[in-house]
Every structure is written in structure tokens, then in C-alpha cells.
Amino acid sequence: MTKTKLSKIYAHRGFHDKPQIPENSLPAFRRAVENGFGSEFDVHMIADGSLVVFHDEELERETGVIGKIEDYTLTELRKLRLEGTDEYIPTFDEVLAVYDGVRREDGSVMQLLIELKVDRGNHRELVKAVTDRLDSFDGEFVLESFDPRAVFELKRQRPELTRGQLIQNYVVHDMKMPKYQGAILAAMPYNRLNKPDFIAFRFADKDMPSLKRAFKNKDVGKAVWTVRTPRAFKVAQRMGCSIIFEKFNPNTDL
């Protein structure tokens with residue numbers, strides 16, 4: 001079984017340009033395609049079973065509305081706007097359509113890095129819904145999640161797909177969880193069972209001991225987020241990482 005390998009770079013939540021072009025908006029994904037970039041983005045399953053592309057669990061930062069995105073229907077979400085613009089929260093289908101069948105001039109594809117946002121134990125349903133939809137997508141993609149249960153479900157349901165474990169130092173960063181729980185998650189003991197094809201880690205946490213242990217296995221890919229300066233980009237390149245970037249243009253600023 002040949003797994004899809006990670007691309008070298010991805011635009012973080014699309015190639016946004018705030019305040020005019022919000023993150024995870026259709027213009028951000030179209031701008032990424034225009035510049036030849038694949039995109040990293042986040043998928044939630046909401047109250048009516050629809051799949052939508054949005055980062056936060058809470059709506060407030062991006063829309064000004066109080067509430068969890070999973071508690072809304074698509075009809076309700078369509079009334080909201082992103083970051084004071086006229087843009088709305090796109091569906092998974094709408095984002096895929098931006099990339100579907102699209103190739104660069106040399107014939108290469110712009111790969112998608114799709115993060116699964118688990119909510120209230122919906123990891124099985126989310127994995128199935130997302131991967132079933134991707135069966136008809138004419139393009140390249142890999143999947144990842146912070147939630148080890150989703151990574152396990154990818155292994156169980158669709159072992160042929162490339163799966164990644166997202167990780168950060170939960171003890172250092174305020175993740176609103178007990179420190180012992182953060183320490184366990186940061187140690188990644190679940191990797192022995194889940195066997196992720198790659199690990200995507202926070203740039204500031206690149207020296208975590210658990211990462212050094214994980215990358216002793218040379219077959220495990222490395223992805224780093226979020227790289228926000230040309231200098232950090234070059235550091236990540238020297239580390240041999242796939243890079244999730246924002247706030248500059250690697251085509252012109254390196």
C-alpha cells in the first residue's frame with residue numbers, strides 16, 4: 001500500500017489576507033490556488049450532519065456570535081459572516097470544489113491537509129463522513145487530528161489513507177485541562193496503537209522530548225505549524241518539515 005506523502009508547504013486555513021480575506025473563507029482558498037499552494041483547514045460536523053470548514057469550536061472570534069459551531073445547522077450558519085466581511089462559513093463541499101481537478105501548469109496537484117475537529121465523541125461519524133466525501137474528490141489530500149480517537153478511526157476505517165497526529169506541549173500552553181492530562185497527551189503513548197504516518201507539531205514546541213522519540217522512526221513524516229516569518233520557514237526547512245505557513249508569501253518573501 002503506497003501512502004500519499006506530505007507536500008512541502010500548505011497555506012494555513014487557506015491563503016488568507018486579513019482583514020480583507022478571512023481565514024477558512026472561499027476567497028482564501030481561491031487565493032491559495034492562484035498562488036499554487038495547497039491548504040490546511042479544519043472540518044466540523046454540525047447539528048444537521050453537514051460538514052463545514054471553520055477553525056474554532058466557538059463562533060465568537062470569527063463571527064461575533066456566542067455559541068458552539070456544532071450546535072448550529074447549516075441554515076443558521078449561513079446567516080453569519082466572517083470577520084466583518086461579506087464572507088460566510090463554507091461547507092466542506094465548497095472548499096473541495098475550489099481544488100477539485102485543479103492542477104498547476106506542470107501537472108502537479110495542490111495537496112490538502114485536512115484537520116478533523118472532534119466534538120462530544122463524534123470521531124467515528126466524523127471520520128466516516130469526511131472520508132466518504134473524499135472518495136469522489138479529484139485531488140490529493142492527507143488527514144490529521146489532535147484527537148487520538150480520530151487518528152485511530154482513520155487507521156481502522158480507512159488504513160489506506162495518510163493519517164497524522166497533531167501535537168503541542170499541552171503543559172506549557174493553557175489548554176484548559178488538568179496538567180496530568182496534558183502531560184499524558186504530550187507524551188503521545190497512543191502512537192503505538194495508532195501508528196500515524198506523520199506528526200504535525202507546533203513550531204514553538206519543536207524541542208519536545210516526545211517528538212525526538214517519535215522521529216527516531218525515519219518513516220514518520222514531520223509537519224510544523226504555524227510558520228509566520230521567512231526566518232522560521234528556513235528553520236523548518238532545515239529540520240526537514242512540511243510547513244504550514246501564514247502572514248507572508250513563500251513565493252516572493254524568502
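The numbers here are math on the coordinates, done by the rules we state, and not lab data. Note that the structure is a prediction, hence the values are computed from the model and not measured. All Cβ positions, glycine included, derive from the backbone under ideal geometry; neighbour counts span all protein chains shown.
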Which residue out of Val118, Val151, Val109, Val130 is closer than 21 Å to Glu57 by Cα, of a type in the set (A, V, I, L, M, F, W, C) and touching an Asp or Glu at 6+ places or on another chain (Cβ under 6 Å)?
-> Val118
Which of (1) farther than 19 Å from Glu40 by Cα; (2) not in a loop (DSSP other than H, G, I, E, B) does Phe233 not meet, given it meets every other one?
-> (1)
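Counting only residues that are outside any loop (DSSP other than H, G, I, E, B) and among the acidic types (Asp, Glu), which one in region 109-146 is surrounded by the most Cβ atoms within 10 Å (Cβ to Cβ)? Explain how you work it out, then say what you get.
Residues of region 109-146 that are outside any loop (DSSP other than H, G, I, E, B), as a first pass: 112-116, 123-134, 141-145.
With among the acidic types (Asp, Glu) added as a condition, the list becomes 115, 125, 132, 144.
Details: Glu115: 22, Glu125: 13, Asp132: 11, Glu144: 26.
Within region 109-146, the match that is surrounded by the most Cβ atoms within 10 Å (Cβ to Cβ) is Glu144.
Yes/no per residue for (1) out of contact with any strand residue (DSSP E or B) (no Cβ under 8 Å at 6 or more places or on another chain); (2) closer than 28 Å to Asn251 by Cβ:
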site: Ile9; (1), (2): no, yes
site: Lys18; (1), (2): yes, yes
site: Asp42; (1), (2): no, yes
site: Met45; (1), (2): no, no
site: Arg78; (1), (2): yes, no
site: Phe92; (1), (2): no, yes
site: Val98; (1), (2): yes, yes
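Okay, residues lined up against (1) in contact with a Lys or Arg (Cβ under 6 Å, 6 or more places away or on another chain); (2) part of a helix (DSSP H, G or I); (3) more than 24 Å from Ser136 (Cβ to Cβ):
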position: Phe15; (1), (2), (3): yes, no, yes
position: Ala28; (1), (2), (3): no, yes, no
position: Val52; (1), (2), (3): no, no, no
position: Leu82; (1), (2), (3): no, no, yes
position: Gly101; (1), (2), (3): no, no, no
position: Gly107; (1), (2), (3): no, no, no
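With respect to Tyr170, is the statement that it is surrounded by fewer than 20 Cβ atoms within 10 Å (Cβ to Cβ) and either in contact (Cβ under 8 Å) with a residue 24 or more places away in the chain or not in a strand (DSSP E or B) (or both) true? Full working, then the answer.
Working: surrounded by fewer than 20 Cβ atoms within 10 Å (Cβ to Cβ): no; either in contact (Cβ under 8 Å) with a residue 24 or more places away in the chain or not in a strand (DSSP E or B) (or both): yes.
For Tyr170, the condition - surrounded by fewer than 20 Cβ atoms within 10 Å (Cβ to Cβ) and either in contact (Cβ under 8 Å) with a residue 24 or more places away in the chain or not in a strand (DSSP E or B) (or both) - is not met.
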Applying the selection to region 228-249, what residues are more than 16 Å from Leu6 (Cα to Cα) and aliphatic (A, V, I, L, M)?
-> Ala232, Val235
Which members of region 24-66 meet the condition of being loosely packed, with under 14 Cβ neighbours inside 10 Å and of a type in the set (Gly, Ala, Ser)?
-> Gly49, Gly64
Out of Phe141, Phe137, sole residue that is under 23 Å from Val227 (Cβ atoms) and touching a residue at least 12 places away in the same chain (Cβ under 8 Å) = Phe141
Out of all the residues in region 130-151, is one or more under 22 Å from Asp207 (Cβ atoms) and among the small types (Gly, Ala, Ser)?
-> no
Of everything in region 180-219 that's of a type in the set (Asp, Glu) and surrounded by fewer than 16 Cβ atoms within 10 Å (Cβ to Cβ), which residue is nearest to Thr4 (Cα to Cα)?
-> Asp219
